[in-house]
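Below: the structure, in structure tokens.
Bear in mind these aren't lab numbers, they're just calculated from the coordinates by the rules spelled out. Since the model is a prediction, treat every value here as computed from it, not as a measurement. Using ideal geometry, Cβ is built from the backbone for each residue, glycine included, and neighbour counts are taken over all protein chains shown.
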Amino acid sequence: MLDLRPNCEWCDKDLPPTAEDARICSYECTFCADCVTDVLHNVCPNCGGGFVPRPIRPQQAWRPGTGLVNDPPDTRRRSMRHSPEEVADLTAKLEHVAPRDR
């Protein structure tokens with residue numbers, strides 16, 4: 001099950017479970033759509049992979065044991081472990097390579 005992390009790791013924007021602009025990589029690193037497009041150019045600064053829209057978990061349990069009522073979002077905020085220079089270097093290397101080819 002996805003963590004549903006609460007914030008963009010780059011700009012610290014709140015990304016609640018209902019956020020339609022949340023993006024994740026295959027490791028669940030979480031960023032807002034603006035940072036993915038304008039800063040990261042679809043390159044995860046932690047793993048080098050690409051991003052997809054984060055699914056929105058239903059608020060209620062439509063089936064037993066499901067929904068936010070049973071599986072609440074993560075509350076631990078994350079921030080970047082890499083310097084802006086390191087992120088820019090990785091992005092420059094990979095932004096023109098399709099995620100499937102990285």
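Quick notes on this structure:
- Lys, Arg +1 and Asp, Glu -1 on Cβ, resulting dipole of the range 20-102 about Cα centre, debye, nearest 20: 380 debye
- Cα gyration tensor, the range 49-102 - rounded (a/c under 1.5), prolate or oblate: oblate
- On the principal axes of its alpha-carbon atoms, the chain has extents of 46, 26, 18 Å, going from largest to smallest.
- Positive minus negative residues near C35 (Lys, Arg vs Asp, Glu; Cβ under 9 Å): -1
- Spatially, the range 21-61 and the range 64-78 are offset by 17 Å when compared through their Cα centroids.
- Sparse-neighbourhood loop sites, chymotrypsin sites (Phe, Trp or Tyr not before Pro) in the range 1-53 - DSSP loop, at most 14 other Cβ within 10 angstrom: Y27
- Angle between the chain longest axis and helix 84-94 axis [Cα atoms, degrees, rounded to 10]: 80 degrees
- When the Cα positions of H96, G67, I24 are compared along the charge dipole of the chain, G67 comes out farthest toward the positive end, with charges on each C-beta of Lys, Arg, Asp and Glu.
- Helix-only mean residue ellipticity at 222 nm for the chain, each DSSP H run of n ≥ 4 adding -39500 (n - 2.57), per residue, nearest 500: -4500 deg cm²/dmol
- Within-14-Å neighbourhood charge of M80 [Cβ basis; K, R +1; D, E -1]: 0
- Amide N proximity, the range 1-30 versus V69 label position 7 Å along Cα-to-Cβ, cut-off under 18 Å: 17-18
- Amide H contacts under 5 Å for R78: N7, restricted to partners 5 or more places along the chain or on a different chain, H placed in the peptide plane at 1.01 Å from N.
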